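Engineer: Encoded as structure tokens, here's the structure I'll be asking about.
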Amino acid sequence: MGVSCGSQGKLTITDDDVIKKSNLSWQFLFRDWNFGQAKSTIAASAAASINSQLKIEALQNRVGPEIGSVFNDAFWENLTVAVNALDNVDASLYVDQRCLYFQKPLLELGTLGAKCNTQMVIPYLTENYGASRDPPENQAPMCTVHSFPHNIDHCLTWAQSEFEGLLEKTPAEVNACLSNPVEYATSMRNAADAQAKDNLERILKCLDQGKCETFQDCVTWARLRFEDYFVNQIKQLKFTFPEDAAASTGAPFWSSPKRFPHQLQFSAVDPSHLQFIMAASIFRAETFDIPVPDLVKSPKMLAEAVEKVIVPDFQPKEDVKIATDEKATRSAGSVDDVAVINQLLLKLELCRNNLSSEFRIKPIQFEKHDDTNFHVDLIAGLANIRARNYSIPEVDKLKAKLIAGRIIPAIATATAMATGLVCLELYKVLDGAHKVEDYRNTFANLALPLFSMAEPVPPKVLKHRDMKWTVWDRWVLRDNPTLKQVIKWLKGNGLNAYSISYGNCLLFDRLFPRHQERLDKKVVEVVREFAKAELPPYRSHLDVSVACDDNEGNDMDIPPISIYYR
């Protein structure tokens, strides 16, 4: 194509992932000797070997707001066009918002098995990528996932939920509580709902009964988790709903698709049981920063460590409620919840007094692409052992990875089609001066086959007096204005500002008398003083949102206002 081959041309690519064996089936730049190397670096090298005149820079940064020092204002302002081939919605929305803000064209493409789609996002001509969203995926009811699974997908969903709850969400809640205990306690009291109670119970369990100081403590924790998941919870379920139980309609409660469960007996000679103990113990040790000994490599030594664990007897309880309504949602707070929350906070304070002020635990985020981190092993083990409880066919690690990670294998032909379609549109973008009718969005499904092309949807246009704007516009005020000057400029355009915000912070509201004292201050000074914002040195402006109405009292939805202070 000759793109980025001129003296002023430059192509910047970024990807924080490394090359894996599965990548070889759907692309043509990597080889088997590139396993473990950075995707962007190898792709740039391979492309340059095809065309030595290509000016290309390879980065290894994840796309997102946390790396604003790399993808800063200067980067976006100097960009001609952005092309997205991302595998998650959040990153795509971030690039979409940046292109929208800096008024840059964005060519979006994606593949899903034999399906592919392209979307053209052209300044002032089309709506942006985030203007339309796919409908949410159908999900199994929570009561089915937690108590009445009847296929392996339910078991894997439950396993992933437990992984995230135990190893990511609970440690994050613990750290939030320990970092700012007063503020955290206040937020829990203000929430006063079942979710707040659950959070506090998990934190207390983690810091009290579940606190680990040695690797043997981690083995004990893992063994007790096994007993709770696959024995005690099943005993309680069978006690609450016996095999001959009847539903409210008189029909058998355990009728299809429900499966009557059976508790398991832990066995150190069962490889799957021991594998679960090993993976769970390692993760618990990592969470509490405990060294992992060599005994995990020896099934015999690990089995000996498990045999030291004393497992208490369990007796089912009469008053346990198990959700059976598929449409039920989490209940709101009650008087009982408020009382329990206050008791839990008192216990948590006593527990916290026994910890050092620097004590923290490490959250572990699920990473499906690393086959050496045991993440998929733990989820597959959890799901398969639970499947045994309900006599559900088990799956191997690869199938578990595909389902839990929502991975649909890429196909080279679909990838090639999406790439070719975007390249055709890129010619139009670089040529310039094209109408919206010249561009095409495409959806194709090679398995049917289906091929559909359509003009992009134009953006919604808003008008006021002789002014009009779309989602692509932002108004710019330079020379470091004061709040009064911003309000006066809007007034001159027939707009009466009644509040000005920066992010979640209210900078000015005409209903608050004390806010009148801020009018003569520079906007940037008010932001630094009241929003406590740390404006990085590479930023030359900030954006404020203004709520205003016209002279007839009608609310007006206006673009963000960029305040240049440098």
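Engineer: Go through W221, W254 for me and flag whichever is modelled with pLDDT of 90 or more, touching a Ser or Thr at 6+ places or on another chain (Cβ under 8 Å), surrounded by 17 or more Cβ atoms within 10 Å (Cβ to Cβ) and not acidic (D, E).
Structural biologist: W221
Engineer: Just to be sure I understand the filter: pairs with C-beta atoms under 9 Å, separated by 6 or more residues or on different chains, first member in the stretch 336-362 and under 14 Å from C177 (Cα atoms), second member modelled with pLDDT under 90 and loosely packed, with under 12 Cβ neighbours inside 10 Å. Which pairs pass?
Structural biologist: Final answer for the pair search is R360/S179.
Engineer: Another question about this same structure. Taking the condition of being surrounded by fewer than 16 Cβ atoms within 10 Å (Cβ to Cβ) and part of a loop (DSSP other than H, G, I, E, B), how many residues in the stretch 469-478 meet it?
Structural biologist: 1
Engineer: Just need a number here: residues in the stretch 491-507 that are of a type outside the set (S, T, N, Q), over 38 Å from the mean Cα position of the chain (by Cα) and outside any loop (DSSP other than H, G, I, E, B).
Structural biologist: 3
Engineer: Within 16 Å of P559 (Cβ to Cβ) and buried (at least 17 other Cβ atoms within 10 Å of the Cβ): which single residue out of P459, P481 fits that description?
Structural biologist: Matching residue, one of P459, P481: P459.
Engineer: Go through the stretch 118-133 and give me each residue that's closer than 15 Å to L86 by Cα, in a strand (DSSP E or B) and out of contact with any Ser or Thr (no Cβ under 7 Å at 6 or more places or on another chain).
Structural biologist: Q119
Engineer: Something else about it: Would you check which residues across the stretch 60-82 are under 22 Å from the mean Cα position of the chain (by Cα) and hydrophobic (A, V, I, L, M, F, W, C) and list them?
Structural biologist: Hits for the stretch 60-82 are V63, I67, V70, F71.
Engineer: Looking at the stretch 517-529 only, could you name the residues that are open to solvent by 30 Å² or more (accessible area, probe 1.4 Å) and closer than 25 Å to S69 by Cβ?
Structural biologist: K522, E525, R528, E529
Engineer: Give the residue that is farthest from R360 (Cα to Cα), with candidates limited to residues of the stretch 286-329 that are loosely packed, with under 14 Cβ neighbours inside 10 Å and of a type in the set (S, T, N, Q).
Structural biologist: Q315
Engineer: Which members of the stretch 56-73 meet the condition of being of a type outside the set (S, T, N, Q) and either open to solvent by 30 Å² or more (accessible area, probe 1.4 Å) or not in a helix (DSSP H, G or I) (or both)?
Structural biologist: Residues satisfying the conditions are I56, E57, A58, L59, R62, V63, G64, P65, E66, G68, V70, F71.
Engineer: Filter the stretch 90-117 down to residues that are among the hydroxyl-bearing types (S, T, Y) and within 20 Å of the chain's Cα centre (by Cα) and give me whichever is surrounded by the most Cβ atoms within 10 Å (Cβ to Cβ).
Structural biologist: By that ranking, first place goes to T111.
Engineer: Under the condition of being open to solvent by 70 Å² or more (accessible area, probe 1.4 Å) and of a type in the set (G, A, S), which residue from the stretch 330-355 is modelled with the lowest pLDDT?
Structural biologist: A332
Engineer: Moving to a separate point now. Out of all the residues in the stretch 40-60, is one or more modelled with pLDDT under 90, of a type outside the set (A, V, I, L, M, F, W, C), farther than 25 Å from Q119 by Cβ and assigned by the TED database to the domain that holds S22?
Structural biologist: no
Engineer: Continuing with the same structure: Residue by residue through the stretch 419-468, note down the ones that are touching a helix residue (DSSP H, G or I) at 6+ places or on another chain (Cβ under 7 Å) and assigned to a helix (DSSP H, G or I).
Structural biologist: K428, D438
Engineer: Here is a follow-up. Could you please tell me which pairs satisfy a Cβ distance under 6 Å, a separation of 6+ or placement on different chains, a first residue in the stretch 190-219 that is closer than 17 Å to P363 by Cα, and a second residue that is not in a helix (DSSP H, G or I)?
Structural biologist: These pairs meet every condition: C212/F288; C218/C212.
Engineer: Please find, among N151, N180, the residue that is touching a residue at least 40 places away in the same chain (Cβ under 8 Å) and open to solvent by 20 Å² or more (accessible area, probe 1.4 Å).
Structural biologist: N151
Engineer: While we're on this one: Is it the case that some residue within the stretch 363-372 is at pLDDT 90 or above, in the same structural domain as E227 (by the TED database) and among the hydroxyl-bearing types (S, T, Y)?
Structural biologist: Within the stretch 363-372, none of the residues are at pLDDT 90 or above, in the same structural domain as E227 (by the TED database) and among the hydroxyl-bearing types (S, T, Y).
Engineer: When the stretch 6-55 is examined, which residues are found to be open to solvent by less than 50 Å² (accessible area, probe 1.4 Å), in contact with a strand residue (DSSP E or B) (Cβ under 9 Å, 6 or more places away or on another chain) and of a type in the set (A, V, I, L, M, F, W, C)?
Structural biologist: Matches in the stretch 6-55: I13, I19, A38, I42, A43, A44, A47, A48, L54.
Engineer: Of the residues in the stretch 280-299, how many are part of a helix (DSSP H, G or I) and at pLDDT 90 or above?
Structural biologist: Looking only at that region, the number is 8.
Engineer: Ok, one more. What do you reckon, is G110 assigned to a loop (DSSP other than H, G, I, E, B) and either without any contact (Cβ under 8 Å) to a residue 40 or more places away in the chain or under 22 Å from L426 (Cα atoms) (or both)?
Structural biologist: So G110 does not fit the description; no.
Engineer: Which condition from (1) in contact (Cβ under 8 Å) with a residue 40 or more places away in the chain; (2) over 25 Å from F102 (Cα atoms) is the one that I563 breaks?
Structural biologist: Failed condition: (2).
The values are calculated or read from the model by the stated rules, or taken from the named source; none is laboratory data. Predicted, not measured: the structure shown is a model, and the values here were computed from it. Glycine also receives a Cβ, built like all others from the backbone with ideal geometry; neighbour counts cover every protein chain displayed. Side chains are part of the model used for accessible areas, which takes the heavy atoms of the whole protein and leaves out ligands, DNA and RNA. Shrake-Rupley method; radii C 1.70, N 1.55, O 1.52, S 1.80 Å.
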